[in-house]
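This structure is in structure tokens; I'll ask about it shortly.
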Amino acid sequence: MANLRAIRMRIKSVESTRQITKSMKMVAAAKLRKTQSAASRLRSFAEKSREILLSLGGGADAGKSPYLRPAPEEGKLCYVLIVGNRGLCGTYNHSLLRYFEQLRAEEKRESLLYVAGRWGRDLIGGVDKRLEISDAPTAQEAQSLTEELKQLYTSGEVSEVRLVYQHFRSVLQQSPCVTTLLPLQLPEGGEDRDVICEPDGETVLERLLELTLVNQVHSALLEARTGEHAARMTAMTSASDNTEELIQELTLELNHARQAAITTEISEIVGGAAAL
Amino acid sequence: MDGISLHVLTADGPILERMVESLNLPTGFGSVGVLKGHADMLCNLEAGILRLRCEEGTMRLRISSGIASVEKNEVNILVSSGQILED
């Protein structure tokens with residue numbers, strides 16, 4: 001009987017785990033939809049700003065912008081590592097950290113490390129600053145992070161800023177990647193249009209480049225968060241499936257144990273009757 | 001309606017997309033008026049009130065700083081935030 005009780009308790013505990021994993025899956029799915037739609041809205045905005053930047057063509061004013069100067073071979077680097085806000089999302093955070101550690105080991109230049117996200121407080125060493133980023137990053141969050149990075153770059157403290165995050169390929173696949181935020185690369189394929197610039201070409205280009213920087217940071221944050229929610233949803237789906245399987249196995253085990261107990265009882269009664 | 005196609009866009013989605021007769025852009029050197037047939041222009045916008053005239057009358061939008069592009073009777077306004085003001 002003790003065995004039967006133990007199995008029943010185990011089934012109950014697995015069932016409550018299943019409830020938790022199912023809820024986490026649904027929450028992740030809702031957040032995934034939210035970030036995906038935010039990313040698609042941002043895409044059309046970023047595309048329009050890119051079109052305008054192309055129409056300006058850069059021209060003579062491009063050389064004057066601090067955001068466009070060529071990256072020197074020396075000087076400090078700043079890595080912005082965008083990790084998740086929580087765990088329980090498969091290998092999402094760990095594979096990104098492994099990729100980043102390899103990247104940092106291969107780089108000979110000195111570097112600063114900014115971490116965006118709450119995960120891995122005890123795991124990531126040498127963090128210079130930790131930044132709080134919500135589960136659905138807004139334009140304001142991207143703007144304040146960009147301001148901080150711009151300040152770091154224009155003050156000359158670092159000569160290059162790189163973003164390291166999980167590139168969102170699909171709900172089932174994310175891959176770690178690194179992109180250079182600063183100095184900016186002007187998009188190619190622009191044609192010089194005869195256009196009036198108010199107040200002047202240099203100021204307009206500056207504003208456009210600032211807009212491009214914010215868009216790039218916002219897009220990386222959204223992509224990273226979309227990947228995190230997708231990874232959590234996948235992990236929780238397989239966790240729910242595993243609990244189902246476990247419940248089935250335990251139910252079978254319970255039935256066997258119950259049947260064995262009944263059989264023992266019957267043979268005891270039959271044995272007792274025969275003795276009389 | 002024959003006029004200017006106006007798009008006011010933010011990173012969180014479009015705020016206003018419609019045909020207008022004319023508009024006044026808030027810039028660092030005062031208000032700049034745009035009518036149909038305006039020359040192609042790129043203009044820095046400062047936080048302020050964007051006024052526009054359309055078939056139904058006039059409209060006002062409070063916008064943050066950004067950039068405006070005028071090209072062949074199409075005006076794209078890219079700002080970080082904006083709000084239509086009720087009269």
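Under 19 Å Cα-Cα from A:Lys31, which lysines qualify once same-chain neighbours fewer than 8 residues away are excluded?
The qualifying lysines are A:Lys22.
Looking only at chain B, where both bridge partners belong to it, what percent of the DSSP beta bridges are antiparallel (to the nearest 5)? Please report the intermediate quantities before stating the final value.
Working: 38 of 43 bridges.
Within chain B, antiparallel bridges account for around 90 percent of the total.
Shape verdict for the protein assembly as shown, please, from the Cα gyration tensor: rounded (a/c under 1.5), prolate (a/b greater than b/c) or oblate.
Working: a/c = 4.19, a/b = 2.11, b/c = 1.98.
Since a/c reaches 1.5 and a/b is larger than b/c, the shape of the protein assembly as shown is classed as prolate.
Roughly speaking, what is the centre-to-centre gap between the stretch A:93-147 and the stretch B:54-76 when only Cα atoms are used, to the nearest Å?
The two parts, judged by their Cα centres, are 38 Å apart.
Where nothing but the Cβ of Lys and Arg (+1) and of Asp and Glu (-1) is charged, how large is the charge dipole of the stretch A:1-134 around its Cα centre, in debye to the nearest 20? Spell out each step's value before the answer.
Values: 26 positive and 13 negative charges, 241 e Å.
Charge dipole of the stretch A:1-134: 1160 debye, to the nearest 20.
Would you work out which of A:Ser219, A:Val204, A:Ala230 lies farthest towards the positive end of the dipole of the stretch A:155-254? Charges go on Cβ: Lys and Arg +1, Asp and Glu -1.
A:Ala230
Sorted from largest to smallest, which semi-axis lengths in Å does the alpha carbon gyration tensor of the stretch A:72-129 give for its equivalent ellipsoid, taking the root of 5 times each eigenvalue?
Working: eigenvalues 103, 29, 14 Å².
Rounded to whole Å, the semi-axes are 23, 12, 8.
For the stretch A:21-234, with only Lys/Arg (+1) and Asp/Glu (-1) charged at the beta-carbon, what is the dipole magnitude about the Cα centre, in debye rounded to 20?
Values: 28 positive and 29 negative charges, 316 e Å.
Dipole about the Cα centre, nearest 20: 1520 debye.
Sorting check: for A:253-262, B:34-43, which peptide has the highest mean count of neighbouring beta carbons within 10 Å, and how do the rest follow? The partial results should precede the final answer.
Numbers: A:253-262: 13.1, B:34-43: 16.0.
Listed from highest to lowest mean packing, they are B:34-43, A:253-262.
Further, regarding this structure: So what's the convex hull volume per residue for the Cα atoms of the stretch A:151-276, in Å³?
Numbers: hull volume 22.6 nm³, N = 126.
In the stretch A:151-276, the Cα convex hull volume per residue is 179 Å³.
Which order results if A:Tyr153, A:Tyr99 are arranged by neighbouring Cβ count within 10 Å, fewest first?
On the way: A:Tyr153 21, A:Tyr99 18.
In increasing order of surrounding Cβ atoms, one gets A:Tyr99, A:Tyr153.
Thinking of the stretch A:21-234 as a set of Cα atoms, what percent of all their pairs are more than 27 Å apart? Don't jump to the answer; show the numbers that get you there.
On the way: 8021 of 22791 pairs.
Percent of Cα pairs beyond 27 Å in the stretch A:21-234: 35.
Further question: When the distances between all Cα atoms of chain B are binned every 10 Å from zero, what whole-number percent does each bin get?
The distribution over chain B is 19, 58, 23, 0, given as percents.
Would you mind ranking A:Ile20, A:Ile266 so that the residue whose beta carbon has the fewest other beta carbons within 10 Å leads the list? Present the calculation step by step, with values, prior to reporting the outcome.
Numbers: A:Ile20 13, A:Ile266 10.
If I rank by nearby Cβ atoms, fewest first, I get A:Ile266, A:Ile20.
Projected onto the charge dipole of the protein assembly as shown (+1 at Lys/Arg Cβ, -1 at Asp/Glu Cβ, origin at the Cα centre), which of B:Gly3, A:Leu56, A:Cys78 gives the Cα projection farthest towards the positive end?
Projecting each Cα onto the dipole axis, the largest value belongs to A:Cys78.
Every read-out reported here was derived from the displayed coordinates using simple, explicitly stated rules and does not represent laboratory data. This is a predicted model, so every value here is computed, not measured. Counting neighbours? That spans all protein chains shown, and the Cβs are built from the backbone with ideal geometry, glycine included.
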